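To start, the structure itself, in structure tokens.
No value in this document is a laboratory result; all are computed from the given coordinates. Please read these numbers as outputs of a predicted model, since none were measured by experiment. Note that each Cβ is placed from the backbone with ideal geometry, even for glycine, and that neighbours are counted across all protein chains shown.
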Amino acid sequence: MNKVFGESKGSLDEGFFSRMGFFSLASVEDLEVVSLVNRGAVLALQGSLEEAQNVLEQAVRISPRCKAAINNFIYVLLRRGHNADVIKMVQRI
């Protein structure tokens, strides 16, 4: 047995990951969504609205309750003139 931070653990990895607070799968998904939302925002600001829409749509699919993803996605849809899609999306929320 290895000693990690003063406690005996079955393996060094087990102790390391539990003590250091490494991200669980849900947290990794959250980080992916944050990355996608940020990327989508940058693309939208650069005028690459089609690509921004695709990126933000992916963020909304992964995390359908993420307000930043939804807001940015709606913004891009409106900028692209997809008003009917916005209405459908708002009705779903």
Of all residues being aliphatic (A, V, I, L, M) and in contact with a Gly (Cβ under 7 Å, 6 or more places away or on another chain) in region 51-75, which is surrounded by the most Cβ atoms within 10 Å (Cβ to Cβ)? Just the residue, please. LEU56
For the structure I just gave you, tell me whether ILE87 is touching an Asp or Glu at 6+ places or on another chain (Cβ under 8 Å), hydrophobic (A, V, I, L, M, F, W, C) and without any contact (Cβ under 8 Å) to a residue 60 or more places away in the chain. no
